[in-house]
1. For the range A:172-207, how many residues meet the condition of being assigned to a helix (DSSP H, G or I), surrounded by 24 or more Cβ atoms within 10 Å (Cβ to Cβ) and touching a Lys or Arg at 6+ places or on another chain (Cβ under 6 Å)?
2. Take the conditions in contact (Cβ under 8 Å) with a residue 24 or more places away in the chain and either within 11 Å of chain C (Cβ to nearest Cβ) or within 28 Å of residue B:140 (Cα to Cα) (or both) and apply them to residue B:56. Does it pass?
3. Out of all the residues in the range A:45-65, which are within 21 Å of residue A:120 (Cβ to Cβ) and loosely packed, with under 15 Cβ neighbours inside 10 Å?
4. Looking at (1) part of a helix (DSSP H, G or I); (2) at pLDDT 75 or above, find the lone condition where residue B:133 falls short.
5. Kindly indicate the residue of the range C:175-223 that is among the hydroxyl-bearing types (Ser, Thr, Tyr) and either within 13 Å of another protein chain (Cβ to nearest Cβ) or part of a helix (DSSP H, G or I) (or both) and also nearest to residue C:70 (Cα to Cα) among those meeting that condition.
6. With B:78, B:47, B:66 as the choices, which residue is among the polar types (S, T, N, Q), farther than 25 Å from residue C:222 by Cα and surrounded by fewer than 24 Cβ atoms within 10 Å (Cβ to Cβ)?
7. Looking at D:42, D:90, D:17 in this structure, which one is within 7 Å of chain B (Cβ to nearest Cβ), at pLDDT 90 or above and either touching a Pro at 6+ places or on another chain (Cβ under 7 Å) or within 30 Å of residue A:295 (Cβ to Cβ) (or both)?
Amino acid sequence: MMLYVPIALIFIPVFSALIIYLIKAQSIRYLAFVAQIAMTVLAILYYEAYTGQFADTFFVIGGWHERVGISLINDELSLSFVFLSLFIWWMVLIYTFNTGQNHRTFLFFLMFLQGVFLGLLQTNDLFNMFVFLELMTILVAILVVFKKAGDSFRAGIYYLLLNISGVMMFLIGIILIYFTFGTINVNSVQTVIAAGELVSGDEVALRFAYVLLMAGISVKAALFPVHSWLPKAHGVAMSAISGLLSGLVVKGGLYLFLRVNQMFAGANIDYALFFYIIGALTAVIGVMFALTQKDMKQVLAYHTISQVGIVMMGLSHYDPQTVYGGLLHIFNHALFKSLLFLGAGVIIKAYKTKKIKEIRGVMRTMPVVSIFMIIGMLSITGAPFFNGFISKSIIKYGIQDSGIKYWILFIVNIGTATSFIKMAQVFFGPKPMTIRLRSLEQRIALMTLAFACVVLGNFYIPISTGFFGVDVSHVSVFQWEAFFDYAVALIIGFCFYKLVIEKDPLTVRKIREFNLSFEMSNYLFVLYVAVMTVYFVLL
Amino acid sequence: MGNLDMLSLTAYALQVLLIIMAISIVVHKNNGTIIILITTFSLITASLYVINKAPDVAIAEVAIGSAIIPLIYVISISRQREFIVLDKAMDDFIIADNAFTGVGYVLLKRFTDFYHLELNICNDVRLCSLGAGRDQLLCEQTNVDLIVTKDDERNVYILKGKASSVLTYKLEAMARDYDNIEVVKFKDRDFGD
Amino acid sequence: MIKQLILIGLLGILFGVFFVSMQDIQELYNTFGKDYIAATGFADTGSRNLVTAILLDYRLFDSLFEAGILLIAVSGVIWISKHESQEKNAQFMLDKFKTPDLFVTFSRLVYPLMLAFGFYVIINGHVSPGGGFQGGAIIATAILILYYIDADKDTNIALIVTIEKILYIAILLVASLSLVSRGELFTNFFVIDASPDTKAIYLVLLNVMIGMKVALGLWTIFTAFLKEGR
Amino acid sequence: MNPLLTFVVILIGFYGLSTSSNIIKSVFCVTIIESGVILLFLNLGNLDGGVIPIIGDALPVGGIADPLPQALMITTIVIGSTVTALALMLCIKVFHHYGTVEWAEILSRESGK
């Protein structure tokens, strides 16, 4: 019976979404929580029964031949993502419980997105993956324009068209795979490539397919040349949606990166260096733009780009420890970025402005929220005892041998520290007015996220060994180097902020006003695909 | 033998035609022409699907790609040329002597003709009865581009438009010559949530 | 100009690599999927049209989400075009909708024919080209012709959307009925050795439901566009 | 070689996306790319020759065209049409908010101004 749990995880939210849309009563929104509880219980039961045996988790829908039908599969990776997404959706549902008048329509799209995302995580079929990717793109575009005001329309259409062109590349890759292997089942393709009988792994067709799949995934994961949709979309959406998108949905692209690399494991494709460079560029560019922004949500959105870059720097290694560091950073980033976005949402709602300069005295007006926000900020800057530190340290240990790689990470850390020093100003200053937004649900959501950040930051060793079987005991919080590094980053960041950023010189203004036009984004996308082709196929 | 060659020859000819169509869609400037081209493009692809032994896909393409989608394009593009004006003043500003000869109408007509837009004036009673405080809301939530109101004390007509729209600025530049016309721009009230 | 030339060069690289990979594909060309479906498709699913066999049986899971995409797009388009303030009956002074008489007469003639063709395509989806998605699109096109005959036609969008959602739930239920009857999910609910005629009941049923759903969905999208800002 | 000519169509679509300055034009280009991809899939499915994949009691002598790509492409057509519809609806909204559908002008409008 446990075999049907993956299907149930996909269809419970879809079904509840439809019923929420159909029944016109305000109390129907409790159904979302009922569905969420059911899914959580099922997922936990499934994990209890999970043995790691292939036959126990591999499920062909309809009972057809595995290379013809659509199959679902679960492993540690997908299961951990399933739990992460269930957790983030819990938080978003709790956070948005009492806000917005059009709650039913909102919940409809939100719950449907959950089903689609869980499907994307568990599917073992490339075309099915494509369908879920498209569905996800459409749903996210609708959620971005959901409030139907201001700049959300331009963000929505920019997001939609750029992502669709990326997903189309993904589809061309699927075409090449299908005609090379006669199947689009990820697992079968993986076995055939690993066996090395039908294909040797050096075929141009195979490598070109890899490039095209990666091109589509890069757009979804917002890697460097095709990142420009992210700040636009995440900067203008409602805060709850921004938190969800930045925290989780962007990670869908990174998850597919892992899955596709797993699929091509036998093909001797040397992806590490290329994606390390792309990751480093993404991190540096993201942090550079984040430094210059004045809008609170834009800063957070650009930091998502830079953190995705850091994750990529970890994932693009063959050493399992470093890859695990990247993976752990995905989870940590999901926690603290949702926390920051949701907290920013509370502040923005109270102050009715997004400009950092105009927000002052949050510590006095909303002490509880600001404590949670500070926890999020400490996590993202990599302070010891918080979760960002752990994953950053694992990545740091993995790349310690190479000087350049280490310094890039250090520079990104300084940039992150600088821009959050800038953002921390909102806490100080006089109390401007007597606003007191008492929303218990929002505080519960923030508190849970902050609590998770702290727990992951302190009990990372049992969690890692228990869930992934990875030993990370070499990362210790009680090392004077760790504190020293963090203090140095903070001090340099503070000086940099005082000396450069605060004066707002011409270069900073130029970077802030720099706008990547849509055609230029596509141009860069074509350039990116061509460079990847040259690197992976011709060299 | 001859039959088969004929078919593959047709396929090649249609493929080349498809490329020509694609290039002309990309280089053409006029959106109206492109709709005709994209319909042709879609029909050619449908025939190519049939040649490639896929009648199922061809039926789907003909029904969706060359009937419904072009119609949606037509509607969308015609809506994009519209300049919707809500006339709240309802006096001789727009309609004078039972014909469209009012000062405002002449100005708006000149403006829309200059920018190749289509003027569409609306004076729905229910919308006009809303108070002046809801003008901005009306402008943001509906597709109304401009609201015409009258300030009776100063005898000045006030044209209200969105500050985010380029057209409002262009109209302001054009209305500068008139003494009794003022253009007011609504600022975006975008607070994030 | 230089930018364009570089762009053409970049696309040229992609074309060159694709050219080489086509040579590979011709060597590697794997017909496993095709051979398998050709050999067992009819016996497994009871559908002579193998495309329908794949859409409604082998890969029904995909088709469910394909219908789901339409559902989401319909809800999204309606949500985006919906206005908070009431301006449903706004009167436009300069609106002129006048269809030529010839067109109206012709449309009246074509309308029933197209409707009948749409139903034919849906019902015979398992033996001849066509199926739910195609037939639904044809029916939607036929309904659109009605707007030529009567431009002011009033459509109750909310009702159509509700019916569409209910139909989607019904499709999901029919698709998962096989779990009860034969222990497999998302496939034909008759046993696998049943005669093709028996299996055809399921195929026709699902085709009709998908056809209705697609027709209603496309109709709603079109109406939302037509009524946009009105 | 038909697939090569079809790939040219896809590349033209990408060329259009990277040069078009107008939202509507971009939507047109996405449509072109999508039709190209569909045709490419069918081209390759028909590489061996064969007849329409509707079988009688016995298998046709010359084999059949691959039915799987055809089924997948019907899905892609439906997806493409919905994406187009959504994009065009957003287009109308963008026009009424910014007064233009040129990418450069839309993106240069500062937010909140």
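1. 0
2. Criteria not met by residue B:56.
3. A:54
4. (2)
5. C:220
6. The unique qualifying residue is B:47.
7. Answer to the check: D:42.
So that you can scan it fast, the table gives a plain yes or no per residue for (1) of a type in the set (A, V, I, L, M); (2) in a helix (DSSP H, G or I); (3) within 11 Å of chain C (Cβ to nearest Cβ); (4) free of Cβ contacts under 8 Å to residues at least 12 places away in the same chain:
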site: B:62; (1), (2), (3), (4): yes, yes, yes, no
site: B:67; (1), (2), (3), (4): yes, yes, yes, yes
site: B:76; (1), (2), (3), (4): no, yes, yes, yes
site: B:83; (1), (2), (3), (4): no, no, yes, no
site: B:91; (1), (2), (3), (4): no, no, no, no
site: B:107; (1), (2), (3), (4): yes, yes, no, no
site: B:120; (1), (2), (3), (4): no, no, yes, no
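The values are calculated or read from the model by the stated rules, or taken from the named source; none is laboratory data. Computed from a prediction, not measured in an experiment: that's the story for all the values here. Positions of Cβ are generated from backbone atoms using ideal geometry, with glycine treated the same way; all protein chains shown enter the neighbour counts.
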